[in-house]
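Structure, as structure tokens:
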Amino acid sequence: QVQVVESGGRSVEAGTSLKLSCQFSGRAFILYSGWFRQAPGEAREFVAAISWNGENTFYADSAKGRFLISRDIAKDTITLQMYMLRPDDTAVYYCATGQRGPYDYPSSYDYWGQGTQVNVSS
């Protein structure tokens, strides 16, 4: 059974930074891992993704220049380092992994965490 667990979400002030972490277990192979977010009343949207070997990263326009995704293969974890947070970054952030693309669509991912809440106040 594949398990995905996010952590690190909290309430922060606008302009500050925050790091989210995701721990995978029970997974034999992946193509992409990534982060999505969902604000109340909104659809789940792509934030960032990383390839299986950690060499290729992808970002939504809203995340480019502010967020960094990385992978620790040995620990089977990925992180999302967020800088210059804005109130519109407020959402539940979900970590996911899957064995197919495209990387920016939720349907490409088979396993999801329960989400971690990020609140950004102005």
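Could you give me D for region 71-122, from Stokes-Einstein at 25 °C and 0.890 mPa s, where the hydrodynamic radius is the Kirkwood radius over C-alpha pairs? Units µm² s⁻¹, please.
Answer, rounded: 191 µm²/s.
Which residue, Phe67, Phe58, Phe29, tops the fluctuation ranking in a GNM of the chain built on C-alpha contacts under 10 Å?
Phe29
Just to verify a number: what accessible area does Leu18 come out at with the full protein assembly present, 1.4 Å probe, Å² rounded to tens?
Surface open to solvent at Leu18 totals about 10 Å².
Express the Stokes-Einstein translational diffusion coefficient of the chain in µm² s⁻¹, to the nearest whole number, given a Kirkwood radius over alpha-carbon pairs, 37 °C and a viscosity of 0.692 mPa s.
Calculated translational D: 232 µm²/s.
Tell me, in nm to one decimal, what length is gained between Ser121 and Met84 on full extension, where the rule is 0.36 nm per residue of separation less the Cα-Cα distance?
Fully extending the segment from Ser121 to Met84 adds 12.1 nm.
The values are calculated or read from the model by the stated rules, or taken from the named source; none is laboratory data. Every value quoted in this text rests on a predicted model; they were computed, and no experiment measured them. Please note that ligands, DNA and RNA were not included when accessible areas were found on the heavy atoms of the full protein model with its side chains. Shrake-Rupley method; radii C 1.70, N 1.55, O 1.52, S 1.80 Å.
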